[in-house]
1. Tally Lys/Arg at +1 and Asp/Glu at -1 over every other residue whose Cβ is under 10 Å from the Cβ of residue 208; what's the total?
2. Compute the length gained on full extension between residue 35 and residue 110: take 0.36 nm times their separation in residues and subtract their Cα-Cα distance, giving the result in nm to one decimal.
3. Please give the net charge around residue 130, taking every other residue with its beta carbon less than 15 angstrom from that of residue 130, where Lys and Arg add +1 and Asp and Glu add -1.
4. Roughly how many whole Å is it from the C-alpha centroid of the stretch 112-135 to that of the stretch 153-177?
5. Once phi is turned into ³J(HN,Hα) by the Karplus curve 6.51 cos²θ - 1.76 cosθ + 1.60 with θ = phi - 60°, what whole-Hz value does each residue of the stretch 54-59 show in order, with x for glycine and proline?
6. Which residues does the label zone of residue 209 cover in the stretch 139-167, counting backbone N under 19 Å from a point 7 Å along Cα→Cβ?
7. For residue 26 and residue 121, what does the FRET efficiency come to when R0 = 30 Å and r is the distance between their Cβ atoms, rounded to the nearest 0.05?
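Just so you know, all these numbers are worked out from the coordinates, no wet-lab data involved. Since the model is a prediction, treat every value here as computed from it, not as a measurement. Neighbour counts run over all protein chains shown; Cβ positions are idealised from the backbone, glycine included.
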Amino acid sequence: MWQQFADALVRQVLQAPALTAEALTLRERFRLRRHRVTPSAEAVAGDVVRIVGRAVEREGGVSALSGAPCTAHRVVVEQGMWSSEEARASGLGGRHRPQGRYHWVRWIDEVSPADLLVEDATGTARCRLADARVLHWEPIQWLYGATPAVTERFRIHPETYVRWFEVIVKPAAEVTVLGIAHWEKAAEQQSTYRGTPRNLVIQAPPRGQIDVLIG
């Protein structure tokens, strides 16, 4: 009885509008703007480059939770848990966390598909989303409660108390990518008198991530 009342009280407090920490901080904004925009065809292998272009719609594509077609998307789901519940779930037996704290535990952080293609006036760059932070210029608001789409997609019990958000990259959306330039030989094409065709791939720096900004 007391646990149910406490859970209800905490939910009322936590359901106040809250923003994710997925937006750029002021320091990150300055860091991004320190790098001039590089046309994809002029990227030098090994350099940190900032590519700005449009998301390329791919055949087949992927679907957002709403079912709308999109070029790529990221879904984050967190569960609200008392520290004692988390300790039991992790097998710690409550020894290593203070009791009585209510906090959010990240369950799911899914990015699809593996790669995002970004096209500018000079060519196309491929970004490995598995190595990326997908960010917005502005914070994103958490959504509370498992919707039918969330429960079906991730097999979550409808009564599980969760919060979640989804970042959607729509076809032709403006995308900024910051990472290390790497050129790969285009396997599907043969060399010509103009040289060997190459594909630009944006990779993560050592001990870091690619920054992918939407909009």
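1. Its environment carries a net charge of 0.
2. Details: separation 75, 0.36 × 75 = 27.00 nm, distance 2.85 nm.
Extra length available between residue 35 and residue 110 comes to 24.1 nm.
3. Summing Lys and Arg as +1 and Asp and Glu as -1 gives -1.
4. 18
5. So the J values, rounded to whole Hz, are 10, 5, 8, 6, 9, 4.
6. The answer is 139-143, 163-167, whose backbone nitrogens lie closer than 19 Å to the label point.
7. With a Förster radius of 30 Å, E is 0.50.
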